[in-house]
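Just below is one structure, and these are the notes that go with it.
The values are calculated or read from the model by the stated rules, or taken from the named source; none is laboratory data. Small disclaimer: the values here were computed from a predicted structure and weren't measured. Counting neighbours? That spans all protein chains shown, and the Cβs are built from the backbone with ideal geometry, glycine included. With ligands, DNA and RNA removed, areas are computed over all heavy atoms of the protein, side chains included. Shrake-Rupley method; radii C 1.70, N 1.55, O 1.52, S 1.80 Å.
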Amino acid sequence: MRVIGVDLGTRSFDVIGLKDGKIKLDLSFPSEVVAEEPSKIVKAIEEFNADIIIGPSGYGVPLKHISELTERDRFEMTLVREEEMKQIPVLIGLQKMVNEMKEKDMNVWFIPGIIHLPTVPEFRKYNKIDMGTADKMAITVLAIYDQAKRLGISYEEVSFALLEVGFGYNFAGAVDRGRIVDGIGGTIFPGPAFVNSGALDGEVAYLVGEIKKWHLFYGGASIIAAGEILSPEEFAKRLDEESFAKAWEAMKDGFVKAIASELTVIEKPEEIILSGRLMRIRELREDVKDLFEEKFGLPVVKQRGLEGKAKEAAQGSAIIGDGLLGGQFKDLIEHVEIRKARGSVLDYVEFPLNL
């Protein structure tokens, strides 16, 4: 069985190919390259000759084949107006990839975000969209597999809070008895991400006047520290500078508040799992680990996932594809109830929307 998992990120598109559960393809493409030449990544995917491809799903849709995607589905995957699309390379890349894969009649499936899952109580969904995009859901599924394997326990016994610190956005998730029960996505996260501002004060939004999509890729720690978007590695090297130290403290403050919130909805958390690009930088990860162990008195571990350099979301997507085809991850995918995902990311919004 051959499976492809694709993750679209703010900085890169990553591809994992599994053959009988083992990594055989591991690629990463800059988002700008995918926006300009989507055929490069589509060709690499096509040449792997996968039985199923889990495509870049954005905010997510209930499990759906590429042939079934409507224009409304495609809008809900990106939530960007047509006239603004060209300003965001990652979203241009997503749309072009979907177009080309559909033209080639590839067996591509799109997966839900966290708000679509029946395991998340409805009362937690009101007036939210970003409880965790489809890639964050895939990361959390990978973490469920990770903990079960590492601790030698059943999926029913898995329990943790997850912090994912990506280049663009942060995410915190809650897993109880092996099921995803809550999520805090980047645009409602209580503190800045590296690029994104985190939860945006309504008064700030009002004074901005008209929020554009690019505003959701601005205002984070790199902007606070340097007034521009740097690499995470350069940011980490400059923490002895006052503006960088303050920006990092702001990020950590948000981490603590988000994880504290998620721990309240988990009956017996086993640990806190750290994931994402910034958590691959040892000095940043160790700082967060020490902070969490002091604050919460729980073990703090780095997400392991599968072997390979591709991001965790691509790995999680590949696992989902394997499980959907009845492979070695079948029981995991059935347990997290991805097939039962329903509805729209907009179902729980009680404000009038300008769509």
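Below is a table of values for the structure above.
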| quantity | calculated |
| --- | --- |
| Helices (runs of 4 or more DSSP H) (entirely within region 14-133) containing at least 3 residues that are more than 24 Å from Gly276 (Cβ to Cβ) | 38-48, 71-78, 89-103 |
| Hits in region 149-172 (condition: over 24 Å from Phe235 (Cβ atoms) and either buried (at least 19 other Cβ atoms within 10 Å of the Cβ) or in the same structural domain as Pro30 (by the TED database) (or both)) | Val158, Ser159, Phe160, Ala161 |
| Residue check for Phe329: among the aromatic types (Phe, Trp, Tyr) and farther than 24 Å from Tyr169 by Cβ | yes |
| Per-region count, region 301-330, residues over 20 Å from the mean Cα position of the chain (by Cα) and either free of Cβ contacts under 8 Å to residues at least 40 places away in the same chain or more than 18 Å from Lys19 (Cα to Cα) (or both) | 2 |
| Residue in region 254-262 that is modelled with pLDDT of 95 or more, outside any helix (DSSP H, G or I), of a type in the set (Gly, Ala, Ser) and on the phi < 0 side of the Ramachandran plot present | no |
| Filter result for Gly276 (at pLDDT below 95 and under 22 Å from Ala148 (Cα atoms)) | yes |
| Within region 97-148, tally of residues that are of a type in the set (Val, Ile, Thr) and either within 18 Å of Gly55 (Cβ to Cβ) or open to solvent by 40 Å² or more (accessible area, probe 1.4 Å) (or both) | 8 |
| Strands (runs of 3 or more DSSP E) within region 152-208 that include 2 or more residues closer than 20 Å to Phe123 by Cβ and not aromatic (Phe, Trp, Tyr) | 170-176, 179-184 |
| Count - residues of region 201-216 that are without any contact (Cβ under 8 Å) to a residue 60 or more places away in the chain and open to solvent by less than 80 Å² (accessible area, probe 1.4 Å) | 8 |
| Residue check for Val265: part of a helix (DSSP H, G or I) and not acidic (Asp, Glu) | no |
| Checking Glu262 against (1) assigned by the TED database to the domain that holds Val204; (2) touching a helix residue (DSSP H, G or I) at 6+ places or on another chain (Cβ under 6 Å); (3) charged (D, E, K, R); (4) open to solvent by less than 30 Å² (accessible area, probe 1.4 Å), the condition it does not meet | (2) |
| Region 139-151: number of residues that are farther than 16 Å from Asn170 by Cβ, touching a residue at least 12 places away in the same chain (Cβ under 8 Å) and either in a loop (DSSP other than H, G, I, E, B) or of a type outside the set (Phe, Trp, Tyr) (or both) | 8 |
